[in-house]
Amino acid sequence: MSHDIWWSLPLTLLVFFGARKLSQWLKMPLLNPLLVSMAVIIPLLLLTKMPYERYFQGSKVLNDLLQPAVVALAFPLYEQLHQIRARWKSIIIVCFIGSMTAMISGGAIALLMGAKPDIAASIMPKSVTTPIAMAIAESLGGIPAISAVCVIIVGILGAVFGHSLLNLLKISTKSSRGLAMGTASHALGTARSAEIDYQEGAFSSLALVICGIITSLIAPFLFPILLHLLG
């Protein structure tokens with residue numbers, strides 16, 4: 001590892017865990033650890049004039065751990081398997097409606113506001129996890145990089161404001177809250193749900209997976225319809 005990037009990994013860990021402690025201490029939704037970490041690290045990279053590619057190279061091990069972390073979400077699902085079996089029809093319906101709403105709202109609003117088809121295609125899969133969203137966008141003729149940014153924005157918004165909105169709507173059932181968070185704000189919402197309640201995190205993980213599958217299957221057929229009607 002080059003001498004000028006050795007510090008990127010410890011910096012990332014220090015900032016994230018510091019932000020997490022701050023969030024736990026002050027208990028403010030806006031102090032989401034990911035959001036705070038971005039607010040600290042991005043200006044620091046600009047001040048030091050370090051290209052993002054070099055920073056990423058130094059902390060690449062964290063990115064490599066992302067896939068095992070996603071796979072690990074299956075464990076809480078296994079522990080809630082009895083509830084999932086009992087409610088599988090309702091779960092599929094909720095995830096289907098949520099996925100359709102997310103895709104139509106993203107693609108339709110973009111087209112109605114005058115966005116070009118490639119931009120609308122990039123925004124449409126905003127509510128699924130990044131690798132799936134980028135693959136869907138590419139298959140629709142969109143720009144994967146824009147999809148990745150949209151996914152991050154949606155995830156942060158869900159993680160920061162999702163539970164406040166659920167509380168405002170007086171939705172207290174753990175399974176309902178988990179499904180809502182996983183459907184609307186994918187992995188970041190799921191991580192936030194898992195911090196708050198184990199069972200809620202399990203249902204959020206389930207919604208993340210199901211919505212990713214539904215969006216992957218339906219988006220290639222839905223986008224041409226939206227383009228024909230609104231493009």
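All of the numbers you see were taken from the coordinates with simple rules; none came from a lab. All values reported here derive from a predicted model rather than from experimental measurement. With ideal geometry, Cβ positions are generated from the backbone for all residues, glycine too; neighbour counts draw on all protein chains shown.
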Inset, instruction - Rounding to the nearest 20 debye, state how big the charge dipole of region 1-84 is about its Cα centre with +1 on each Lys and Arg Cβ and -1 on each Asp and Glu Cβ. - result: 260 debye
Inset, instruction - Using just the alpha carbons, could you tell me how many Å³ per residue the convex hull of region 96-160 encloses? - result: 75 Å³
Inset, instruction - Give me 116, 170 ranked fewest to most by other Cβ atoms within 10 Å of their Cβ, as a rough exposure proxy. - result: 170, 116
Legend entry - Reachable lysines from residue 126, criterion Cα separation under 21 angstrom, eight or more residues apart if same chain: 116
Inset, instruction - Round to the nearest 0.05 the FRET efficiency obtained for residue 197 and residue 45 when R0 = 30 Å and r is the Cβ-Cβ distance. - result: 0.30
Legend entry - Nearest-20 debye value, the chain charge dipole, Cβ charges on Lys, Arg, Asp, Glu: 480 debye
Inset, instruction - First select every other residue whose beta carbon is under 15 angstrom from the beta carbon of residue 14; then total the charges, Lys and Arg +1, Asp and Glu -1. - result: +2
Legend entry - Extension reserve of the residue 27-residue 69 stretch, reckoned as 0.36 nm per residue once the Cα distance is removed: 12.6 nm
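Give me 59, 204, 105, 164 sorted ascending by neighbouring Cβ count inside 10 Å, so fewest comes first. It would help to have the intermediate numbers written out before the result.
Numbers: 59 18, 204 34, 105 14, 164 10.
By the 10 Å Cβ count, ascending, the order reads 164, 105, 59, 204.
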Legend entry - Hits among lysines - C-alpha to C-alpha of residue 49 under 30 Å, sequence gap 8 or more where chains match: 21, 60
Inset, instruction - Find how many whole Å separate the alpha carbon centroid of region 133-171 from the alpha carbon centroid of region 197-227. - result: 11 Å
Legend entry - For the chain, alpha-carbon Rg and Dmax in angstrom: 18.5, 55
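Helix-only estimate, please: 222 nm mean residue ellipticity of the chain, summing -39500 (n - 2.57) across DSSP H runs of length 4 or more and dividing by its residues, to the nearest 500.
Here the helix-only value at 222 nm equals -26500 deg cm²/dmol.
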Legend entry - Rh by Kirkwood over Cα pairs, then Stokes-Einstein D for region 8-64 at 1.002 mPa s and 20 °C, µm²/s: 181 µm²/s
Legend entry - Sparse-neighbourhood loop sites, chymotrypsin sites (Phe, Trp or Tyr not before Pro) in region 1-106 - DSSP loop, at most 16 other Cβ within 10 angstrom: 6, 7
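Just rank 168, 35, 226, 179, fewest to most, by other beta-carbon atoms within 10 angstrom.
Going from sparsest to densest Cβ surroundings: 168, 35, 226, 179.
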Legend entry - Axial C-alpha extent at least 18 Å, average Kyte-Doolittle at least -1.0 - helices from the chain (DSSP): 8-26, 33-48, 88-112, 144-168, 198-230
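Is there a quick way to get the dipole size of region 130-231? I mean about its Cα centre, with the Cβ of Lys and Arg at +1 and of Asp and Glu at -1; what is the value in debye to the nearest 20?
Details: 4 positive and 4 negative charges, 44 e Å.
The calculated dipole for region 130-231 is roughly 200 debye.
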